[in-house]
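Derivation of every value follows stated rules applied to the coordinates shown; laboratory data play no part. Quick caveat, the model's predicted, so the values are computed rather than measured. Glycine gets a Cβ as well: all are built from the backbone with ideal geometry, and neighbour counts include every protein chain shown.
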Amino acid sequence: MDAAVTDPATTPPSLEVSGLAYAYPDGHQALFGVDLTVARGERVALLGPNGAGKTTLVLHLNGILTAGAGTVTVAGLPVAKAHLAEIRRRVGIVFQDPDDQLFMPTVREDVAFGPAAAGLRGAELEERVRRALERVGMAEFADRPPHHLSFGQRRRVAVATVLAMEPEILVLDEPSSNLDPASRRELADILRSLEVTVLMVTHDLPYALELCPRAVVLSGGVIAADGGTQELLCDEELMREHRLELPFGFDPRSVRVPVFPAR
Amino acid sequence: MGAGHAHKLYREGRSPVHALPPHCKIAAVFCFVLVVVSTPREAVWAFGAYAALLAGVAAAARIPAGYVLRRLLIEVPFVAFAVLMPFVAEGPRVEALGMSLSASGLWSAWNILAKGTLGVAASVLLASTTELRALLLGLQRLRMPSLLVQIASFMIRYGDVISDEMRRMRIARQSRGFEARGVRHWGVLASSAGALFIRSYERGERVHLAMVSRGYTGTMPVIDDVTASRTQWAHAAALPLTALAVCLTGWMLP
């Protein structure tokens, strides 16, 4: 594995999950052997009905939950107790409710939290915070308390808090939930402009189609389908089987998905 | 920095008092209060001197007297207790306004009233010249246990979130025709409070998850450090030192 890390020709995938199984302490088994590989720079949508185990899977990616069986590897580094700090720096999770994610008194301190916990100080820290806020277009809000921002702004700051750690992979839990159409579009523009691997957990199928060329369906604790987002959404039988429904009037066939995402 | 919560207590300004580092001000107020409470209650003039000192600070901070006096009203519930003292205390009685009052009770009431008012006034001045956020940084600097500082900073951050949640629950109750009118309805209010507690507890767990995901290992990283120069300490020390001189004089005079 070490050889692969040092050899630039064979960059390890950002995320490699193999045979991941997990049962909660109460005996409820949520994952039954998940296999998923996300190459560097890819944007992948993780789709699935409620209770499919999506959140459980996400919590394995940075070692909050420990696999019952199987392994998770982030850019060649296996998720294990020994290097949790590095894993958590590499895997940036944006949680669904920005009020949970933004826990510091001001935006600036919140964005600084991750890098400061990793030991960054002074001018370097300031620079990191400024850059992360600029990437989400929130630089002028640095000194505001998070609860004075609109919901869409808070979601963008939540993305910045994670970007400040310069992660290998960005994991977004329902990024479009509770956003009005304009905020939704702004967030999409931001996500498209980032050169980082993205794994997006969502119910919002048009959003997945808009942003992610590839999608995987997690259902019943296993990956039930893996392919181009448009093909998956057009496969009516697959969609029905996994309780995935398109919004009224939305026909994925009618959408022309750009092959090269706009920069 | 955050203008957010500060608006209730903090009074925006650019005075020398505003400019002092927060930990100097906290230390000064704390020492001042210690000096005030250790002054003998019979030295009535000393309390007048303390009040004059605070008036001086307020003037330097350009805070109008009316503002401080209005803030002092918070003290009223505590003072109510002091007013009872002359009636309930034992000992020799004095006649005043046609009532028989206890002499030692009167002294106790004066003691509580004077020292309490001075303490509250000093705190009001501290709060109106220092932002809430800066106060926390100051406490952190003064080596207050980091867990307490963290708890306080979460209170600032989530106070509004939780009161908003409470407001939504109240609207939901009212929308279904509920109006708390008497003891019979306390059960509903109590279960709302319980639900609010559980929601806040669950939010706490989610916040902790988000913190751990970003590398939290039990201590808050120091992001903003406040420092103070010798001169700033000297300026802040002026208040408690003058007060100390007054206090010592109070003890030495018969």
On each of the three principal axes the extent of the alpha-carbon atoms of segment A:145-263, given in whole Å and largest first, is 47, 31, 31
Name the trypsin sites (Lys or Arg not before Pro) in segment B:1-88 that are in a loop by DSSP and that have at most 13 other C-beta atoms within 10 Å, would you?
B:R14
Under the 7 Å Cα-to-Cβ spin-label approximation, A:E237 and B:A65 lie apart by a distance in nanometres of 8.9
Cα→Cβ-extended label distance, 7 Å offset, between A:R256 and A:H148, nm:
4.6
Gain in span if fully extended, B:L189 to B:M144, counting 0.36 nm per residue against the direct Cα distance:
12.6 nm
Is there a simple number for the mean count of other chain Cβ atoms within 10 Å of the Cβ of residues in A:214-225, and what is it?
0
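Which is the longest part of chain B that has none of the GluC sites (Glu not before Pro) sitting in a DSSP loop with at most 11 other Cβ atoms within 10 Å?
B:91-178
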Give the average, rounded to an integer, of partner chain Cβ atoms located within 10 angstrom of each Cβ in A:104-115.
6
With the 8 Å Cα cutoff and a minimum separation of six or more residues, chain B has a relative contact order in percent of 36
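Could you work out, residue by residue across B:123-136, how many beta carbons of other chains sit within 10 Å of that residue's beta carbon, and then give the average as an integer?
That average works out to 1.
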May I ask you to compute the full-extension gain from B:V79 to B:A245, defined as 0.36 nm times their residue separation minus their alpha-carbon distance, rounded to one decimal in nm?
57.0 nm
Along principal axes, Cα extents of the protein assembly as shown, largest first, whole Å
96, 61, 41
Counted charge near B:R71, where neighbours are those whose Cβ lies closer than 13 Å (Asp, Glu -1; Lys, Arg +1):
+2
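Counting other Cβ atoms within 10 Å of each Cβ, which trypsin sites (Lys or Arg not before Pro) in segment A:20-73 have at most 16 and sit in a DSSP loop?
Of the trypsin sites (Lys or Arg not before Pro), the ones in loops of segment A:20-73 whose Cβ has at most 16 other Cβ atoms within 10 Å are A:R40.
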B:K8: which lysines have alpha carbons under 29 Å from its alpha carbon, excluding same-chain residues fewer than 8 sequence positions away?
B:K25, B:K115
Towards the positive end of the charge dipole of chain A, with charges on Cβ (+1 Lys, Arg; -1 Asp, Glu), say which of A:G92, A:G119, A:A75 has the farthest Cα.
A:G119
So if I place +1 on the C-beta of Lys and Arg and -1 on the C-beta of Asp and Glu, and nothing else carries charge, what would the dipole magnitude of chain A be about its Cα centre? I want it in debye, nearest 20.
420
Segment B:151-197: trypsin sites (Lys or Arg not before Pro) falling in loop per DSSP and having at most 13 other Cβ within 10 Å:
B:R176, B:R181
Below 11 angstrom from the Cβ of A:T71, what's the summed charge of the other residues (Lys, Arg +1; Asp, Glu -1)?
-2
Please give the charge dipole size of segment A:170-263, origin at the Cα centre, charges +1 on K and R Cβ atoms and -1 on D and E Cβ atoms. Round to the nearest 20 debye.
260
